[in-house]
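Before any comments, here is the structure.
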Amino acid sequence: MNNQNAPSFSQQRTVVTPGALRTFQPFRCYAAPVAAEPFLNGTSSNYVEEMYYAWLENPKSVHKSWDIFFRNANTGAPPGSAYQSPPPVGVSLSGLSQAQALVGAQPNVEKLVEDHLAVQSLIRAYQIRGHHVAQLDPLGIMDADLDSCVPADIITSSDKLGFYGLEEADLDKVFRLPTTTFIGGSESALTLREIIRRLEMAYCQHIGVEFMFINDLQQCQWIRQKFEKPGVMQFTLDEKRTLLTRMVRSTRFEEFLQRKWSSEKRFGLEGCESLIPALKTIIDKSSENGVESVIMGMPHRGRLNVLANVIRKELEQIFCQFDSKLEAADEGSGDVKYHLGMYHRRINRVTNRHITLSLMANPSHLEAVDPVVQGKTKAEQFYCGDSDGKRVMSILLHGDAAFAGQGIVYETFHLSDLPSYTTHGTIHVVVNNQIGFTTDPRMARSSPYPTDVARVVNAPIFHVNADDPEAVMYVCNVAAEWRATFHKDVVVDLVSYRRNGHNEMDEPMFTQPLMYKQIKKQKPVLQKYAEKLIAEGAVSRQECEEEIAKYDKICEEAYNRSKDEKILHIKHWLDSPWPGFFTLDGQPKSMSCPSTGLNEEVLSHIGQVASSVPVEDFTIHGGLTRILKGRATMVQNRSVDWALGEYMALGSLLKEGIHVRLSGQDVERGTFSHRHHVLHDQNVDKRTCIPMNYIDPNQTPYTVCNSSLSEYGVLGFELGFAMASPNALVLWEAQFGDFHNTAQCIIDQFISPGQAKWVRQNGIVLLLPHGMEGMGPEHSSARPERFLQMCNDDPDVFPKITEDFAVRQLYDCNWIVVNCSTPANYFHVLRRQILLPFRKPLIIFTPKSLLRHPEAKSRFDDMLPGTHFRRLIPEEGSASQNSAGVKRLIFCTGKIYYDLTKERRTRGLEDTVAISRIEQLSPFPFDLVKAEAEKYPQAQLLWCQEEHKNQGYYDYVKPRISRTFNNTCPVWYAGREPAAAPATGNKKAHLVELERFLDTAFNPDAFQNQS
């Protein structure tokens, strides 16, 4: 290194500066990375100087490419021309003449650089766009991406080499492979012809891979390895035989149903029979990776086949569903066979491990089940402590048209990485019929693929020709491994076709004549795969026929057994059982509910926690300090407001071992800044405190989480969470009550009729802020009329009053609708939701202005042991002491009570007008309304509401109050006139309307002229 004759480094700067070496940067991909990489990545030029001195001492101490470079530089080669590729393997520098070693011997160095760059670009083009030319359509008539144009940078013929500046003569030249590809396997260099061939094999056959949009290099490299390495898609003889057996079961099941019930709708799987082995492969691989429970959701197509051959539902139970004379054994309406779900724990025969499979019931509203499945999966992960999703996972099946067209798909994807909603990776399987009912995909979506929505969360998308079962099997193995490795979503797009119409009664030739002419010619996939294996010698034709005969016999025997089934037991199809919940010591629980009150010590303790910051050195906002002090004062005065009443209800349940989950937009603070369940340190980013988790050392954890700006997806998620266990209080709060209308599908299809259709109880709570306060039509009404219209109690039947009437009513209803006017009643109804011996959805119209109304407070006395939820709060003022003199009994609910009492005081009518609050609207408290009205024999009956007459509660309560008195007593109305919008947007008009109907409510002559 101390060579006296060595030229100084400064004299050589013309050949070793970054500018001089920049020309050689492309050679990182083949000949000079060992020497050039550190410098080209920004390393100091001292590195090159030290290497140069080392070369002077011993030319063999550096890479051959640097040896040639320094030789050429020393002879005066200009900057940018000193590099030359190393001699061929086996040829030493000493064997080269000086002319050969110098740059003049290779005048086309720059062309060589450009060619290598071109090859690298070509490889990248296949990785990015190879899927566009993959052979994905089994019919060979459609382009899966709706575009028949071949990308210009994909080599389909030698004349396209010119795009990269290459020539046909370059096809047999050897090129060094970059580190961003694995097509070489153990080889580091290949001819251009072989490079293109291997790229076509990896990306342009029956599998199309979309992944280059993913912004994580490790994930991209992982996918490249799975698809680029030569020979990766190899299967053992046993694996091929298993795949054939699964194809036989999938295909023959559909053929059996077609033979036996040719005129019945079943939404069969014909045309995508490979779905069954696809799902079983995913489950096998996931079980091998430690998964113990799989929750699935799917539309109707192929559901019966999935139930039979994946979930392993008894075949006779499926076949008996086709019997039109089958009687219903369970209460409720039931549902069609291709909407039902199933829960089954069995041994996975591939891994010999137990696995629980659950297929969720769902309606015909495609994709509506997606967030429900995710919520149930999250709940199961939570309850078994599976914080990484290694034991519980979800699989969602989709149709291509629905996957592209339904917004709930996007909403569900956007929950996938949110801390309180992630299920740590979902495997999505798209049954791509290339048609939606009768609509051509070119008319059904604007995106190239139906799966493009998945790109928003960087989910890799594997398109595969569903008529190649081995390709399907390989892709599903990779998808399961991806989920186990990265815990991120992944999509498998099974490009297939629909052999029949939308259902078995439909005629597809009306609208897709050319497609269905081809389908009629299409050889079934089982036949094609069997012939392939026979040709390979993997199985014999006799073995195939025996396998088919074996499964046909199984189906026939099950069919004969199904004839003995005379009664339909929907409970056999339950997807979310709650073992032991409905019994006590082996006997059915009694129809009773204990007191929902609490000891004063418990109330005080929870109140103190709610008023404190239980973490040291935690700085809260000054305004919040005042709020907490106000809470502490209320506790000292033995009173609660709305927020504190809620705190005590939820906190007491946590203390009793009940998990509580509250979610929705801005619920942590509360839309109206009243809740403050999550405190934020004002000095430390992301440092928070949830005092509710400090109530008791042995309590269950409290989950409170702000949601994404979604109602449909998030409400579905919370519904699914509530399905997993009856021992949890799951609440969803709308930012404003009327925002539930964008989640109407979940309410209409799952919450309201869920038990009737699927014998599935659910205790989810909907908190819907409601009240006419001059805030305009979109921030006023939670649309109570919609919920009441869907209640199943009969307005024309006065029920038999028994000792357990109040609880029995709740058991018989489809859901409970309340509008509480006091914090104590809100406290009780939340606790009653858990203490009941069954579960029903609970709809609560919660207040806005009452959150801080000075009169809307309750005493501890209203919440002590022995107290209950009050379905009706009767008149308790002076009018109740002067019942004979009361001229008018006003029934109302919710916030309007405080406007009515204020107006009554103003008019001095406390002795002659009684006001009663119906707190539980449904099921209707017939017994209490009757008892209250009978107290005031001389009083007119009036219903008063702040909502418009065609909205609110009037149409629901009027016939029920009338029926209470055998329709002999008129029920007058005071409220706003009918209107199209829920409320006016003009503050003055709002106040005028309020003044008008309050005057009607108290005007003794208001109804004299009404018949």
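Brief remarks on what is shown
- Residues in the range 633-645 that are in a loop (DSSP other than H, G, I, E, B) and surrounded by fewer than 19 Cβ atoms within 10 Å (Cβ to Cβ): 2 in all.
- Meets criteria (assigned to a helix (DSSP H, G or I) and surrounded by fewer than 23 Cβ atoms within 10 Å (Cβ to Cβ)) for R870: no
- Matching entry among D67, D159, D145, D115 (being touching a Pro at 6+ places or on another chain (Cβ under 6 Å) and either assigned to a helix (DSSP H, G or I) or at pLDDT below 75 (or both)): D67
- Summed over the range 344-396, residues that are more than 15 Å from the chain's Cα centre (by Cα) and polar (S, T, N, Q) total 7.
- Within the range 385-405, being in contact (Cβ under 8 Å) with a residue 60 or more places away in the chain and either assigned to a strand (DSSP E or B) or farther than 30 Å from I435 by Cβ (or both) holds for D388, G389, K390, R391, V392, M393, S394, I395, L396, L397, H398, G399.
- Residue pairs meeting the criteria (Cβ under 9 Å; at least 6 apart or on separate chains; first closer than 19 Å to S604 by Cβ, in the range 686-698; second exposed (fewer than 14 other Cβ atoms within 10 Å of the Cβ) and among the charged types (D, E, K, R)): none
- The residue that is farthest from the chain's Cα centre (by Cα), counting only those in the range 826-862 that are part of a strand (DSSP E or B), crowded, with 20+ Cβ neighbours inside 10 Å and not aromatic (F, W, Y), is S858.
- Candidates V714, V730, V704: the one that is modelled with pLDDT of 95 or more and part of a helix (DSSP H, G or I) is V714.
- In the range 194-232, the residues that are of a type in the set (A, V, I, L, M) and not in a helix (DSSP H, G or I): I207, V209, M212, I214, V232
Let's see how each residue does on (1) part of a strand (DSSP E or B); (2) among the aliphatic types (A, V, I, L, M); (3) touching a Leu at 6+ places or on another chain (Cβ under 6 Å):
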{"position": "K265", "(1), (2), (3)": "no, no, no"}
{"position": "P277", "(1), (2), (3)": "no, no, yes"}
{"position": "V291", "(1), (2), (3)": "no, yes, no"}
{"position": "K313", "(1), (2), (3)": "no, no, yes"}
{"position": "K325", "(1), (2), (3)": "no, no, no"}
{"position": "A361", "(1), (2), (3)": "no, yes, yes"}
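- Residues satisfying the stated conditions in the range 352-369, i.e. out of contact with any Lys or Arg (no Cβ under 9 Å at 6 or more places or on another chain) and surrounded by fewer than 22 Cβ atoms within 10 Å (Cβ to Cβ): N352, R353, S364, H365
- As for the range 681-696, it holds at least one residue that is in contact with a strand residue (DSSP E or B) (Cβ under 6 Å, 6 or more places away or on another chain) and buried (at least 21 other Cβ atoms within 10 Å of the Cβ).
- Scanning the range 434-470 for residues that are at pLDDT 95 or above, crowded, with 19+ Cβ neighbours inside 10 Å and either of a type in the set (S, T, N, Q) or outside any loop (DSSP other than H, G, I, E, B) (or both) yields a total of 10.
- Taken as a whole, the range 512-521 holds no residue that is out of contact with any His (no Cβ under 6 Å at 6 or more places or on another chain), assigned to a loop (DSSP other than H, G, I, E, B), among the basic types (K, R) and not assigned by TED's automatic domain parsing to the domain that holds F721.
- Among the candidates R259, R252, R246, R345, residue that is in a strand (DSSP E or B) and among the basic types (K, R): R345
- The number of residues in the range 130-142 that are of a type outside the set (G, A, S), in contact with a His (Cβ under 8 Å, 6 or more places away or on another chain) and in a loop (DSSP other than H, G, I, E, B) comes to 2.
- Listed by first and then second residue, the pairs with beta-carbon distance under 9 Å, at least 6 apart or on different chains, first residue in the range 175-186 and outside any loop (DSSP other than H, G, I, E, B), second of a type in the set (V, I, T) and buried (at least 18 other Cβ atoms within 10 Å of the Cβ), are F175/V119; F175/I195; R176/V119.
- When E481, E547 are checked against the criterion of being touching a helix residue (DSSP H, G or I) at 6+ places or on another chain (Cβ under 6 Å), acidic (D, E) and at pLDDT 95 or above, a single residue qualifies: E547.
A quick yes/no check of all residues on (1) of a type in the set (V, I, T); (2) farther than 20 Å from L650 by Cβ; (3) out of contact with any Lys or Arg (no Cβ under 7 Å at 6 or more places or on another chain); (4) buried (at least 24 other Cβ atoms within 10 Å of the Cβ):
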| site | (1), (2), (3), (4) |
| --- | --- |
| G720 | no, yes, no, yes |
| W732 | no, no, yes, yes |
| F736 | no, yes, yes, no |
| F739 | no, yes, yes, no |
| C745 | no, yes, yes, no |
| V759 | yes, yes, no, no |
| L766 | no, no, yes, yes |
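- Screening the range 920-936 for residues that are in a loop (DSSP other than H, G, I, E, B) and in contact with a Lys or Arg (Cβ under 6 Å, 6 or more places away or on another chain) and picking the one that is surrounded by the most Cβ atoms within 10 Å (Cβ to Cβ) gives F924.
- Matching residues in the range 300-328 - criterion: being of a type in the set (G, A, S) and modelled with pLDDT under 85: S324, A328
- Any chance Q234 is of a type outside the set (F, W, Y) and either in the same structural domain as N500 (by TED's automatic domain parsing) or surrounded by fewer than 14 Cβ atoms within 10 Å (Cβ to Cβ) (or both): yes
- Candidates I915, I896, I890: the one that is surrounded by 18 or more Cβ atoms within 10 Å (Cβ to Cβ) and within 42 Å of the chain's Cα centre (by Cα) is I896.
Let's see how each residue does on (1) small (G, A, S); (2) farther than 29 Å from P769 by Cβ; (3) outside the structural domain of K848 (by TED's automatic domain parsing); (4) in a helix (DSSP H, G or I):
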{"position": "K553", "(1), (2), (3), (4)": "no, yes, yes, yes"}
{"position": "N560", "(1), (2), (3), (4)": "no, yes, yes, yes"}
{"position": "P594", "(1), (2), (3), (4)": "no, yes, yes, no"}
{"position": "S604", "(1), (2), (3), (4)": "yes, no, yes, yes"}
{"position": "G607", "(1), (2), (3), (4)": "yes, no, yes, yes"}
{"position": "G623", "(1), (2), (3), (4)": "yes, no, yes, yes"}
{"position": "R631", "(1), (2), (3), (4)": "no, no, yes, yes"}
{"position": "Y647", "(1), (2), (3), (4)": "no, no, no, yes"}
{"position": "L654", "(1), (2), (3), (4)": "no, no, no, yes"}
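- Residue in the range 937-955 that is surrounded by the most Cβ atoms within 10 Å (Cβ to Cβ), counting only those that are under 21 Å from R783 (Cβ atoms) and in contact with a Phe, Trp or Tyr (Cβ under 8 Å, 6 or more places away or on another chain): E946
- Hey, Q951 more than 20 Å from C813 (Cα to Cα), touching a residue at least 24 places away in the same chain (Cβ under 8 Å) and in a loop (DSSP other than H, G, I, E, B) or not: yes
- Test result for I183, touching an Asp or Glu at 6+ places or on another chain (Cβ under 8 Å) and either modelled with pLDDT of 95 or more or of a type in the set (D, E) (or both): yes
The values are calculated or read from the model by the stated rules, or taken from the named source; none is laboratory data. The structure presented is a predicted model; accordingly, all values stated were derived computationally and were not measured. Neighbour counts are summed over all protein chains in view; Cβ atoms, including those assigned to glycine, are modelled from backbone coordinates with ideal geometry.
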